[in-house]
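Chemist: Could you have a look at this structure, given as structure tokens, before my questions?
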Amino acid sequence: MRDQVLTQAKRVVVKVGSSLLASRASGLQMDRIERLADELCAIKTTGRDVLLVSSGAIVSGVQKLGLAVYPKSLPLKQAAAAVGQSRLMWAYEKAFERLGVNVAQILLTHQDLADRRRFLNARHTLSALLTHGVLPIINENDTVSVEEIRFGDNDTLAAEVAHLVDADLLIILSDVDGVFTDDPRRNASAERIPLIIEISSEIEQLAGGTSKEEGTGGMMTKIQAAKKVAAYGVATLIMNGQTAGLLPIALTGHDIGSLILPHGPQLSSRKQWIAHTLRAKGQLMLDEGAIDALVQRGKSLLPSGIIQVSGTFDSGDAVLCADRHGKEVAKGLINFSSALLEKMKGLKTADIRKTVGDQEYEEAIHRDNLVIL
């Protein structure tokens, strides 16, 4: 199974972190960038589409600005990103130019993917670049990103890109050899887990935070990214990015890193977008009959099955659906504002007409706009 997933992957998203490309003391390491370019081009020559999600802009900018410490404030991080992003792309341009490969810079925020039209525009642009043999280099638009529109870390961004381009495989390059039974830096007896069928609570507990201030993610964000793309039907390979030559070999099926398999039925792109890209603006508590209708019978959600409305949202926003104990069972695009739904909850259609008047929709969430979690 491992060989089949790795050797047959035709579209691959590779994510590389700041620590593999740069340091605050010395800035970008050109030799590392050139080695990465060599390995990505080696993959490309096998007929695969390759996209790179690259960190490194802020760290590069910190070094260029001569900052004594890694910036804590958002404006200073954005300033460092503005300085560092051009240097990062220049380095990639030079590294790939010597190999005869064109590259393109793509800067994204979460809002670019949360808006369906912009999501599709980004998808079409990336598809056109790949058709013309260009290798896209993608980063978060740190210069303008604020909390509401941030991905938060490039592992999450890479997962979103894998969905955006219908990738077959996400490769996350790390400074360790994969997922281990314990922290290999502290426990010499820790063993690498070569194949993960499903991300269980035990696997999540094995992941910890980052110990490097230059990075925003650790193994936890990598596991979370892998869990997200597994629901898209995409496998994830977490592997060492420091050892030269491993990346092309890994795609021949060699036992390198930790491969996390996809699971569950593959959703349509639109339902993947609802389930995993959109951020919920509120939550609905449903009764048992409504949950059975959604989960077991594939029905739409009617206002009569709603017990409680939480949050403030408008028609078209994403909301979560949960049972009486708070367990999330579904997510979808709501047809009514929270204020209107508060008046409609628990009411049959005939009673809604008497209480609040005729409405454009009978369903609170139509089944075509609803995803079972």
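So that you can scan it fast, the table gives a plain yes or no per residue for (1) surrounded by 18 or more Cβ atoms within 10 Å (Cβ to Cβ); (2) over 30 Å from residue 18 (Cα atoms); (3) in contact with a His (Cβ under 6 Å, 6 or more places away or on another chain):
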{"position": "254", "(1), (2), (3)": "no, no, no"}
{"position": "257", "(1), (2), (3)": "yes, no, no"}
{"position": "281", "(1), (2), (3)": "no, yes, no"}
{"position": "285", "(1), (2), (3)": "yes, yes, no"}
{"position": "294", "(1), (2), (3)": "yes, yes, no"}
{"position": "313", "(1), (2), (3)": "yes, yes, no"}
{"position": "319", "(1), (2), (3)": "yes, yes, no"}
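Chemist: Evaluate the stretch 93-101: report whether one residue or more is outside any helix (DSSP H, G or I), within 27 Å of residue 41 (Cα to Cα) and touching a Leu at 6+ places or on another chain (Cβ under 8 Å).
Modeler: Within the stretch 93-101, one or more residues are outside any helix (DSSP H, G or I), within 27 Å of residue 41 (Cα to Cα) and touching a Leu at 6+ places or on another chain (Cβ under 8 Å).
Chemist: Would the stretch 204-219 turn up any residue that is part of a helix (DSSP H, G or I), modelled with pLDDT under 90 and acidic (Asp, Glu)?
Modeler: Taking the stretch 204-219 as the starting set, the residues that turn out to be part of a helix (DSSP H, G or I) are 204-206, 219.
Going one step further and asking which of them are modelled with pLDDT under 90, we end up with 204-206, 219.
Filter once more, keeping what is acidic (Asp, Glu): 204.
Scanning the stretch 204-219, I find at least one residue that is part of a helix (DSSP H, G or I), modelled with pLDDT under 90 and acidic (Asp, Glu), so the answer is yes.
Chemist: Are there any pairs with C-beta distances below 6 angstrom linking a residue in the stretch 173-185 that is assigned by TED's automatic domain parsing to the domain that holds residue 40 to a residue that is in a loop (DSSP other than H, G, I, E, B) and surrounded by 14 or more Cβ atoms within 10 Å (Cβ to Cβ), with the two at least 6 apart or on different chains, and if so which?
Modeler: Note: pairs meeting the criteria are 173/241; 175/242; 178/257; 179/193; 180/190; 181/190; 182/190; 184/190.
Chemist: Looking only at residues that are of a type in the set (Lys, Arg) and surrounded by 12 or more Cβ atoms within 10 Å (Cβ to Cβ) in the stretch 349-373, which one is farthest from the chain's Cα centre (by Cα)? Reasoning before the result, please.
Modeler: Initial filter on the stretch 349-373 (of a type in the set (Lys, Arg)): 353-354, 367.
Still in the running and surrounded by 12 or more Cβ atoms within 10 Å (Cβ to Cβ): 353, 367.
Values: 353: 42, 367: 25 Å.
The extreme case among them is 353.
Chemist: Identify, please: which residue in the stretch 251-285 is part of a helix (DSSP H, G or I) and among the polar types (S, T, N, Q) and is, among those, modelled with the lowest pLDDT?
Modeler: 269
Chemist: Can you find a residue that is surrounded by fewer than 18 Cβ atoms within 10 Å (Cβ to Cβ), under 21 Å from residue 157 (Cβ atoms), under 25 Å from the mean Cα position of the chain (by Cα) and not small (Gly, Ala, Ser) anywhere in the stretch 53-66?
Modeler: So far as the stretch 53-66 goes, no, none of its residues is surrounded by fewer than 18 Cβ atoms within 10 Å (Cβ to Cβ), under 21 Å from residue 157 (Cβ atoms), under 25 Å from the mean Cα position of the chain (by Cα) and not small (Gly, Ala, Ser).
Chemist: Then there's this: Suppose we keep only residues that are surrounded by fewer than 18 Cβ atoms within 10 Å (Cβ to Cβ) and either charged (D, E, K, R) or free of Cβ contacts under 8 Å to residues at least 24 places away in the same chain (or both) within the stretch 327-338. Which one would you say is nearest to residue 365 (Cα to Cα)?
Modeler: Among residues in the stretch 327-338 that are surrounded by fewer than 18 Cβ atoms within 10 Å (Cβ to Cβ) and either charged (D, E, K, R) or free of Cβ contacts under 8 Å to residues at least 24 places away in the same chain (or both), the one nearest to residue 365 (Cα to Cα) is 328.
Chemist: If you don't mind, another one. Only residues that are within 19 Å of residue 268 (Cα to Cα) and not in a strand (DSSP E or B): list them for the stretch 226-245, please. Even if it seems obvious, please write down each step before you answer.
Modeler: Within the stretch 226-245, the subset within 19 Å of residue 268 (Cα to Cα) is 226-235.
Of everything in the stretch 226-245, those that are within 19 Å of residue 268 (Cα to Cα) and not in a strand (DSSP E or B) turn out to be 226, 227, 228, 229, 230, 231, 232, 233, 234.
Chemist: Could you list, ordered by first residue, the pairs with Cβ atoms under 6 Å in which the first is in the stretch 186-199 and closer than 18 Å to residue 256 by Cα and the second is charged (D, E, K, R) and modelled with pLDDT under 95, at least 6 apart or interchain?
Modeler: 190/182; 192/177; 194/255; 195/2
Chemist: Keeping to the stretch 335-373, report how many residues are within 30 Å of residue 268 (Cα to Cα) and of a type in the set (D, E, K, R).
Modeler: Matching residues across the stretch 335-373 total 6.
Chemist: Can you name every residue in the stretch 103-118 that is at pLDDT 90 or above and under 16 Å from the mean Cα position of the chain (by Cα)?
Modeler: Taking the stretch 103-118 first, the residues at pLDDT 90 or above are 103-108, 118.
106, 107, 108 - these are the residues of the stretch 103-118 that are at pLDDT 90 or above and under 16 Å from the mean Cα position of the chain (by Cα).
Chemist: Moving to a separate point now. Could you figure out which of (1) surrounded by 20 or more Cβ atoms within 10 Å (Cβ to Cβ); (2) in the same structural domain as residue 193 (by TED's automatic domain parsing); (3) not in a loop (DSSP other than H, G, I, E, B) isn't true of residue 248?
Modeler: If we test residue 248 against (1) surrounded by 20 or more Cβ atoms within 10 Å (Cβ to Cβ); (2) in the same structural domain as residue 193 (by TED's automatic domain parsing); (3) not in a loop (DSSP other than H, G, I, E, B), just (1) comes out false.
Chemist: Another question about this same structure. Quick check on the stretch 139-163: of everything there that is part of a loop (DSSP other than H, G, I, E, B), surrounded by fewer than 20 Cβ atoms within 10 Å (Cβ to Cβ) and hydrophobic (A, V, I, L, M, F, W, C), which residue is modelled with the lowest pLDDT?
Modeler: Checking each candidate, the answer is 146.
Chemist: If you don't mind, there's one more thing I want to ask. Just need a number here: residues in the stretch 267-289 that are within 22 Å of the chain's Cα centre (by Cα) and hydrophobic (A, V, I, L, M, F, W, C).
Modeler: 6
Chemist: Shifting gears a bit: Quick check on the stretch 10-61: of everything there that is of a type in the set (A, V, I, L, M) and assigned to a loop (DSSP other than H, G, I, E, B), which residue is farthest from residue 133 (Cα to Cα)? Walk me through it before giving the result.
Modeler: Initially, the stretch 10-61 is screened for residues of a type in the set (A, V, I, L, M), giving 12-14, 16, 20-22, 25, 28, 30, 33, 36-37, 40, 42-43, 50-53, 57-59.
In the following step, the residues that additionally are assigned to a loop (DSSP other than H, G, I, E, B) were identified as 21, 25.
Values: 21: 24, 25: 35 Å.
It comes out as 25.
The values are calculated or read from the model by the stated rules, or taken from the named source; none is laboratory data. Only a predicted model underlies this, so the values are computations on that prediction, with no experimental measurement involved. So basically every Cβ, Gly included, is an ideal-geometry build from the backbone, and we count neighbours across all protein chains shown.
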